[in-house]
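Have a look at the structure below, then the notes.
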Amino acid sequence: MKDRPRVITIDGPAGSGKTTVARMLARRLGYGLLESGSLYRAFTWVLLREAPELLDKPEEKRIETFLRARLPELRFTLEPEGLKIFFRGKPLSGELRHPETESRVSEVAALPGVRALANGILRELVRERPAVAEGRDMGSVVFPDAPLKFFLTASPEVRARRRYLEWRARGLSVSEEEVLRRIRARDEKDASRKEAPLIIPEGAVVIDTSNLRPEEVLESILQRLARDRP
Ligand code: C5P
């Protein structure tokens with residue numbers, strides 16, 4: 001395969017399998033794995049930790065100013081294993097997947113000023129190395145010119161089950177019904193927001209992963225890549 005695209009985008013709702021598949025694809029191609037959600041999660045975590053009062057009555061300008069002022073303390077590196085984020089030299093990982101961070105992230109991600117900040121960082125990172133970019137608006141807003149775009153989806157029940165098993169494996173106790181409720185709430189927020197809502201990007205290949213294993217999804221993406229760029 002020659003002339004591989006610099007960016008391949010994979011968008012979709014929570015639990016659609018996009019992170020798992022994006023990780024497999026990045027590894028296979030030797031690309032960076034740009035998990036854009038981690039950036040929003042990191043912003044949310046820093047806000048919850050350092051200035052939770054700003055989230056009580058979200059004032060966009062103050063939140064944006066606060067995050068911009070924190071940027072020198074945040075560092076990002078793009079690896080095939082994912083987007084590594086450091087705050088004051090310390091790597092963030094479990095913090096970003098914590099249910100509290102997760103339940104507030106959609107509010108933060110809905111703010112246009114915060115998105116503009118995130119988009120600048122994401123585009124900058126891709127200059128360093130080719131990437132598989134996954135999220136909600138990678139193909140529609142951040143990298144609209146990407147030559148290959150995918151949109152993964154699955155039923156809410158399947159997505160809730162996946163997330164429930166993931167949380168349980170990490171020792172977090174929460175019922176499957178509660179996970180489904182949270183997934184539906186987050187979907188609703190992500191799809192109905194004014195700024196960069198979750199949509200199927202123009203030209204994206206849609207894959208329903210409800211009854212597919214990650215390997216099968218990867219295979220169909222690789223086939224598409226080979227077909228487009230023999
Ligand atoms: O993909 P992940 O579950 O890590 O995303 C966390 C949250 O970040 C999403 O629910 C969404 O609110 C936000 N997000 C976004 N745009 C992206 C990626 C994530 O708004 N491109």
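Could you list, in sequence order, the residues of the stretch 199-230 that are modelled with pLDDT under 90 and either touching a Phe, Trp or Tyr at 6+ places or on another chain (Cβ under 7 Å) or not in a helix (DSSP H, G or I) (or both)? Don't jump to the end; show me each part of the working.
First, pick out the residues of the stretch 199-230 that are modelled with pLDDT under 90: 227-230.
Selection gives ARG229, PRO230.
Going by the conditions given, is ILE63 surrounded by 13 or more Cβ atoms within 10 Å (Cβ to Cβ) and away from the ligand (no atom under 13 Å from the Cβ)?
Numbers: surrounded by 13 or more Cβ atoms within 10 Å (Cβ to Cβ): yes; away from the ligand (no atom under 13 Å from the Cβ): yes.
Against the criterion (surrounded by 13 or more Cβ atoms within 10 Å (Cβ to Cβ) and away from the ligand (no atom under 13 Å from the Cβ)), ILE63 qualifies.
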Qualifying residue in the stretch 74-83 (condition: open to solvent by 50 Å² or more (accessible area, probe 1.4 Å), at pLDDT 95 or above and away from the ligand (no atom under 12 Å from the Cβ)): yes
Any hit, the stretch 186-200, residues being buried (at least 20 other Cβ atoms within 10 Å of the Cβ) and farther than 22 Å from ALA116 by Cβ: no
Selected residue (only one of ALA196, ALA118, ALA133, ALA146 is of a type in the set (Gly, Ala, Ser) and either in a helix (DSSP H, G or I) or more than 30 Å from ARG4 (Cα to Cα) (or both)): ALA118
Cβ pairs under 9 Å, 6+ apart, first in the stretch 198-209 and more than 16 Å from the ligand (Cβ to nearest atom), second among the charged types (D, E, K, R) and not in a strand (DSSP E or B): VAL205/ARG224
Top-ranked residue in the stretch 154-182 [being within 14 Å of the ligand (Cβ to nearest atom) and open to solvent by 40 Å² or more (accessible area, probe 1.4 Å); ranked as nearest to GLY12 (Cα to Cα)]: ARG162
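So which of LYS194, LYS189 is near the ligand (Cβ under 10 Å from one of its atoms) and among the charged types (D, E, K, R)?
Values: LYS194 fails: near the ligand (Cβ under 10 Å from one of its atoms).
The match here is LYS189.
Condition first: away from the ligand (no atom under 11 Å from the Cβ), out of contact with any helix residue (DSSP H, G or I) (no Cβ under 7 Å at 6 or more places or on another chain), open to solvent by 50 Å² or more (accessible area, probe 1.4 Å) and not polar (S, T, N, Q). Now tell me which residues in the stretch 84-111 satisfy that.
Going residue by residue through the stretch 84-111, those that are away from the ligand (no atom under 11 Å from the Cβ) are 84-95, 98-100.
Checking the rest, the ones that are also out of contact with any helix residue (DSSP H, G or I) (no Cβ under 7 Å at 6 or more places or on another chain) come to 84, 86, 89-91, 93-94, 98-99.
Cutting the leftovers down to open to solvent by 50 Å² or more (accessible area, probe 1.4 Å) gives us 84, 89-91, 93, 98.
Scanning the stretch 84-111 gives LYS84, GLY89, LYS90, PRO91, HIS98.
Quick one: in the stretch 1-28, which of the residues that are open to solvent by 20 Å² or more (accessible area, probe 1.4 Å) and of a type in the set (A, V, I, L, M) is farthest from the ligand (Cβ to nearest atom)?
Kept after step one, since they are open to solvent by 20 Å² or more (accessible area, probe 1.4 Å), are these residues of the stretch 1-28: 1-4, 6, 17, 19-20, 23-24, 27-28.
The next check asks that each one be of a type in the set (A, V, I, L, M); those that pass are 1, 24.
Numbers: MET1: 27, MET24: 16 Å.
By that ranking, first place goes to MET1.
Residue under question is PHE150, and the condition is that it be within 25 Å of LEU122 (Cβ to Cβ), in contact (Cβ under 8 Å) with a residue 12 or more places away in the chain, within 12 Å of the ligand (Cβ to nearest atom) and not acidic (Asp, Glu); does it hold? Before the answer, list the steps.
Numbers: within 25 Å of LEU122 (Cβ to Cβ): yes; in contact (Cβ under 8 Å) with a residue 12 or more places away in the chain: yes; within 12 Å of the ligand (Cβ to nearest atom): no; not acidic (Asp, Glu): yes.
It is false that PHE150 is within 25 Å of LEU122 (Cβ to Cβ), in contact (Cβ under 8 Å) with a residue 12 or more places away in the chain, within 12 Å of the ligand (Cβ to nearest atom) and not acidic (Asp, Glu).
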Residue tally, condition modelled with pLDDT of 95 or more, more than 11 Å from the ligand (Cβ to nearest atom) and outside any loop (DSSP other than H, G, I, E, B), over the stretch 121-130: 5
The stretch 175-189 residues that are farther than 20 Å from LEU152 by Cβ and part of a helix (DSSP H, G or I), paired with ones that are open to solvent by 50 Å² or more (accessible area, probe 1.4 Å) and more than 12 Å from the ligand (Cβ to nearest atom) (beta carbon under 8 Å, 6 or more apart): GLU176/ARG161
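The values are calculated or read from the model by the stated rules, or taken from the named source; none is laboratory data. Given the structure is predicted, the values throughout are model-derived calculations rather than measurements. Ideal geometry is used to build each Cβ from the backbone, glycine not excepted, and the neighbour counts take in all protein chains shown. These accessible areas exclude ligands, DNA and RNA; they are computed on the full protein's heavy atoms, side chains included. Shrake-Rupley method; radii C 1.70, N 1.55, O 1.52, S 1.80 Å.
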